[in-house]
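Colleague: Before I ask anything, let me first share the structure, which is written out below as structure tokens.
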């Protein structure tokens with residue numbers, strides 16, 4: 001990630017005359033350059049993650065323990081919040097838990113899911129917009145081949161791991177297709193998909209049908225708090241939340257994934273799709289294999305704990321036979 005520290009960001013704004021030097025701007029912001037692989041064959045797959053998030057619009061400690069799916073907060077909550085917003089717990093043992101908002105008043109927020117059990121007393125929460133296809137990819141910032149109603153286009157695919165269903169989206173310029181407006185559209189039902197949510201800690205698959213390599217830049221706020229990610233049996237597309245990348249062990253995948261012991265076929269396999277479309281398989285190794293509690297490369301049988309999961313990227317996580325669970329990624333540590 002190319003970071004703009006709070007000091008640099010303030011200096012730039014002060015020089016432009018947009019702010020005075022007095023207020024302290026503490027939100028770490030930045031941008032990430034993403035690369036989409038090309039392939040001389042039929043198509044290439046690249047898994048990408050927004051990584052950076054939208055700015056926080058409200059943060060506070062609750063005035064009481066949440067009940068079911070409602071949390072009471074000090075006055076000042078933006079009213080009329082809807083499913084384009086996400087509430088996240090930012091303190092305690094449930095830090096990183098999040099849920100999509102369904103409604104709000106000036107002193108309360110209702111979310112889609114039941115709050116975690118065991119919460120006691122006040123908790124701190126933050127509210128921000130969800131990342132979406134458009135906030136991540138803009139008005140086709142990567143330059144993907146658009147859909148014109150006739151020829152095959154490049155695709156953006158999003159997986160619902162709970163159902164294993166994939167939603168396929170393409171960019172559709174109205175001048176080429178007769179659509180009512182330029183935008184990202186669901187190819188199954190022709191509905192506008194600009195606001196299709198990319199959930200925290202997940203990745204999208206870009207299917208590129210050209211040999212050219214594409215790059216684009218996403219921008220946003222560095223995530224400094226934990227993020228919980230649901231992992232379902234079968235296929236998951238996970239994305240890193242670390243704005244400067246992290247190692248597989250540094251992401252605590254070695255302690256949170258179902259381990260591989262060399263015998264049982266019940267384990268989690270992390271599959272990283274390389275630019276040349278080869279797949280490198282990783283797994284959390286059972287200490288009985290002799291390398292300790294670390295991630296390992298299943299193709300080479302080598303310790304892979306120091307392998308970097310780059311910022312802005314994603315991978316396939318295959319859960320083979322184990323029940324659904326949650327993994328938690330730490331927040332990015334921002335240098336002073």
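Colleague: Taking the conditions exactly as written (within 29 Å of residue 99 (Cβ to Cβ) and either at pLDDT 95 or above or surrounded by 14 or more Cβ atoms within 10 Å (Cβ to Cβ) (or both)), does residue 295 satisfy them or not? Before you say what the answer is, go through the steps one by one.
Modeller: Details: within 29 Å of residue 99 (Cβ to Cβ): no; either at pLDDT 95 or above or surrounded by 14 or more Cβ atoms within 10 Å (Cβ to Cβ) (or both): yes.
Taking the combined requirement at face value, the residue does not satisfy it.
Colleague: A follow-up question, please. Out of 241, 235, 255, which single residue is more than 21 Å from residue 184 (Cβ to Cβ), in contact (Cβ under 8 Å) with a residue 40 or more places away in the chain and not in a strand (DSSP E or B)?
Modeller: Only one candidate qualifies: 241.
Colleague: Right, residue 288: under 27 Å from residue 158 (Cβ atoms) and not in a strand (DSSP E or B) or not?
Modeller: No, not satisfied.
Colleague: Still on this structure: Can you pull out the residues in region 314-336 that are within 26 Å of residue 163 (Cβ to Cβ), surrounded by 15 or more Cβ atoms within 10 Å (Cβ to Cβ) and out of contact with any strand residue (DSSP E or B) (no Cβ under 6 Å at 6 or more places or on another chain)?
Modeller: Keep residues of region 314-336 that are within 26 Å of residue 163 (Cβ to Cβ), which gives 314-329.
This time we only want the ones that are surrounded by 15 or more Cβ atoms within 10 Å (Cβ to Cβ), so: 314-320, 325, 327-329.
Within region 314-336, just 320 meets the criteria.
For (1) under 30 Å from residue 141 (Cβ atoms); (2) at pLDDT 95 or above; (3) surrounded by 18 or more Cβ atoms within 10 Å (Cβ to Cβ), each residue gets a yes or a no:
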position: 227; (1), (2), (3): yes, yes, yes
position: 246; (1), (2), (3): yes, yes, yes
position: 252; (1), (2), (3): no, yes, no
position: 266; (1), (2), (3): no, yes, no
position: 270; (1), (2), (3): yes, yes, yes
position: 302; (1), (2), (3): no, yes, no
position: 305; (1), (2), (3): no, yes, yes
position: 308; (1), (2), (3): yes, yes, no
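Colleague: While we're on this one: If you check every pair at least six apart or on different chains, which have Cβ atoms under 7 Å apart with a residue in region 167-181 that is modelled with pLDDT under 85 first and a residue that is in a helix (DSSP H, G or I) second?
Modeller: Taking only residues 6 or more apart or on different chains, the pairs are 180/174.
Colleague: Would you check if residue 191 is touching a strand residue (DSSP E or B) at 6+ places or on another chain (Cβ under 8 Å) and farther than 29 Å from residue 276 by Cα? If you could, list the steps in order and put the result at the bottom.
Modeller: On the way: touching a strand residue (DSSP E or B) at 6+ places or on another chain (Cβ under 8 Å): yes; farther than 29 Å from residue 276 by Cα: yes.
In short, yes.
Colleague: Could you list all residues from region 149-172 that are more than 16 Å from residue 205 (Cβ to Cβ) and buried (at least 16 other Cβ atoms within 10 Å of the Cβ)?
Modeller: 172
The values are calculated or read from the model by the stated rules, or taken from the named source; none is laboratory data. Worth saying up front: this structure is predicted, and the values here are computed from it rather than measured. A quick note on method: Cβ atoms are made from the backbone with ideal geometry, for glycine too, and the neighbour counts reach across all protein chains shown.
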